[in-house]
Structure formats: C-alpha cells, structure tokens
Amino acid sequence: MTKAEIVAEISKKTGIPRAEVLTTVEAFTETIKTALVKGEEGVYLRGFGSFVLKTRAKKIGRIISNNTSIEIPEHKIVSFKPAKEFSEEVKNK
C-alpha cells in the first residue's frame with residue numbers, strides 16, 4: 001500500500017478532503033523522523049507499534065571484487081517493532 005492509497009482510504013472513511021489528509025499524513029511521518037533524528041529513544045504508538053533506534057556494532061566488511069577488507073563503523077538504524085495485539089491480528093489472518 002502506498003502513501004497515496006493510505007490517503008485515499010482515510011479520506012474515504014472520514015470524509016476529510018484528500019489534501020488535508022495528505023498534509024496530516026506527511027506531518028505525522030515528518031514528526032516521527034524528526035524525533036528519531038534528534039536522538040529520541042523511540043516513538044511509541046499504543047496498539048500499533050514502536051519505531052526505535054538500534055545501534056549496530058562496528059564490524060569488518062569485505063569488498064569481494066578487490067579482495068579487501070573495510071571497517072564499517074558503529075551506526076544507528078531505525079527499527080519497527082509491532083505491538084503485541086497487532087502481531088496477533090496479523091498471525092491470525
């Protein structure tokens with residue numbers, strides 16, 4: 001499902017014009033991104049899930065074409081962990 005499809009579905013269900021729904025969805029996603037970039041531990045949406053930052057440890061990688069090793073520094077990644085109820089719903093479908 002794309003962002004456009006999400007906007008259309010919300011607009012259809014609520015009767016709110018698509019332009020307003022699009023603005024709201026974009027503001028929502030931007031707020032999550034901003035919080036995580038600023039270093040918030042996570043964004044928690046009860047009943048849906050959590051967007052959390054995880055730290056990947058430093059490791060050695062290989063460039064196969066050159067047969068050389070490179071060091072990949074420690075870095076953060078964004079991870080999504082679905083809420084228990086959400087996971088159960090998906091499993092039971």
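The values are calculated or read from the model by the stated rules, or taken from the named source; none is laboratory data. Everything numeric in this text was worked out from a predicted model, so none of it was measured. Backbone-built Cβ (ideal geometry, glycine too); neighbour counts: all protein chains shown. Heavy atoms of the whole protein, side chains included, go into the accessibility calculation; ligands, DNA and RNA do not. Shrake-Rupley method; radii C 1.70, N 1.55, O 1.52, S 1.80 Å.
Before moving on, here are some points about what is shown:
- Long-range neighbours under 7 Å by Cβ, at least six apart or interchain, first residue at pLDDT 95 or above within segment 19-30, second open to solvent by less than 90 Å² (accessible area, probe 1.4 Å) and assigned to a helix (DSSP H, G or I): VAL21/VAL7; VAL21/ILE10; VAL21/SER11; LEU22/VAL7; VAL25/ILE6; VAL25/VAL7
- Only one of the numbered conditions (1) over 17 Å from PHE28 (Cβ atoms); (2) more than 12 Å from the chain's Cα centre (by Cα) is violated by GLY47, and that is (1).
- If you go through segment 53-72 and keep only what is more than 30 Å from LYS38 (Cβ to Cβ) and charged (D, E, K, R), you end up with just ARG62.
- Within segment 80-93, considering residues that are touching a Gly at 6+ places or on another chain (Cβ under 7 Å) and open to solvent by less than 100 Å² (accessible area, probe 1.4 Å), the one farthest from GLY39 (Cα to Cα): PHE86
- Scan segment 55-93 for residues that are under 18 Å from GLU40 (Cα atoms) and of a type in the set (Phe, Trp, Tyr) and the total you get is 1.
- Unmet criterion (only one of (1) under 27 Å from GLU5 (Cα atoms); (2) free of Cβ contacts under 8 Å to residues at least 12 places away in the same chain) for SER65: (1)
- Test set (1) open to solvent by less than 50 Å² (accessible area, probe 1.4 Å); (2) in a loop (DSSP other than H, G, I, E, B) - ILE77 fails condition number: (2)
- Among the residues making up segment 43-67, those that are among the aromatic types (Phe, Trp, Tyr) and under 11 Å from PHE80 (Cβ atoms) are PHE48, PHE51.
- Residue, least open to solvent (accessible area, probe 1.4 Å), within segment 1-57, restricted to residues that are of a type in the set (Phe, Trp, Tyr) and in contact with a helix residue (DSSP H, G or I) (Cβ under 7 Å, 6 or more places away or on another chain): PHE51
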